[in-house]
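The values are calculated or read from the model by the stated rules, or taken from the named source; none is laboratory data. The structure displayed is predicted, hence computed values, not measured ones. Using ideal geometry, Cβ is built from the backbone for each residue, glycine included, and neighbour counts are taken over all protein chains shown. The protein model used for the area step is the full one, side chains on, heavy atoms only, and it has no ligands, DNA or RNA in it. Shrake-Rupley method; radii C 1.70, N 1.55, O 1.52, S 1.80 Å.
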Amino acid sequence: MELGLKDKIAIVTGTASEVGFGRGVALYLAKEGCHIMSVDKDFEGAQRTADEVTALGRRALAAKVDIRNMEEIQAAVDLAVREFGRIDILCNTAGASAGAVPFVESKKEQWDFDIDLNLKGTMAFMRAVLPHMIKQQYGKIVNFSSHCAHTDQGLFGVGPYIAAKAGLSQMSKSLQNELGDQGININIIAPGPGNTNFHKTSPAMAEDVVRLAALGKTVTPDDIAHAVAFLVSDVSRLIRGQVIVISPYIPPR
């Protein structure tokens, strides 16, 4: 299927990890023809991914951004517009958890970390990018939730993280309605367990990944990247405000 992504400009966050979904998305979009701004708080990792994009024959930039910092977000968006001339695609892949802790033992600092990073950080990136997309009456945004926010497969001890991801999904749907018919598509991907650094933050999650890996059922960066490429293409122009769960677990009927 021809996706028509040649020479589109994409910002992808959370690109530093060599096993992460962000790097997989950035590289796959580059293979489909996109030029990439690679964003992560780990600048060296973001730059490595940008170098891989360049090796594929595409233009690439790297930016050091902690997505809890609105000034760093705005500086990255300004750089992308200055160097590329526009922004067509935003993939808010970055996310993390303060760790798995029984709720009654959790601290406010942990709640703030999960909410600030996973909900407010994505909101801030969209707030910085959307004025450009509205001006050009075109844009594709993919936000990242969690399968646990949309199925009965809960994660022990990460309630604030799941709350942030569920809130992000609902906020994305609301924002799609607010934007109306301005040529901008916002969709949500909700990944299940993958062999990523996130799933190593909890012994229970790490054990689940090992079990699923033995069955060949972990979610891979390619699984995520293929779905993202479809959602940011004009092939999916009428798909808006949808949650796509990509998980080995079967949702309840």
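Worth a mention:
- Between 0 and 90°, nearest 10: helix 121-136 axis offset from the chain longest Cα axis: 20
- 5 angstrom amide H check on residue 140, placed H, neighbours 5+ away: 89, 90, 185
- Taking 41, 107, 64 in turn, the Gaussian network model of the chain (Cα-Cα springs below 10 Å) assigns the largest fluctuation to 107.
- Hits among lysines - C-alpha to C-alpha of residue 41 under 22 Å, sequence gap 8 or more where chains match: 64, 120, 165, 200
- Extent of the chain along its three principal axes (Cα atoms, max minus min coordinate, largest first): 48, 39, 36 Å.
- Look at the alpha carbon pairs under 8 Å that are at least 6 residues apart: their mean separation over the length of the chain gives a relative contact order of 21 percent.
- Accessible area (Å², per residue) of the chain, counting only protein heavy atoms and a probe of 1.4 Å: 46
- The residue among 113, 34, 97 whose Cα reaches farthest toward the positive pole of the charge dipole of segment 27-124, with charges on the beta-carbon of Lys, Arg, Asp and Glu, is 34.
- Apportionment of accessible area to carbon and sulfur, the chain, percent (1.4 Å): 53
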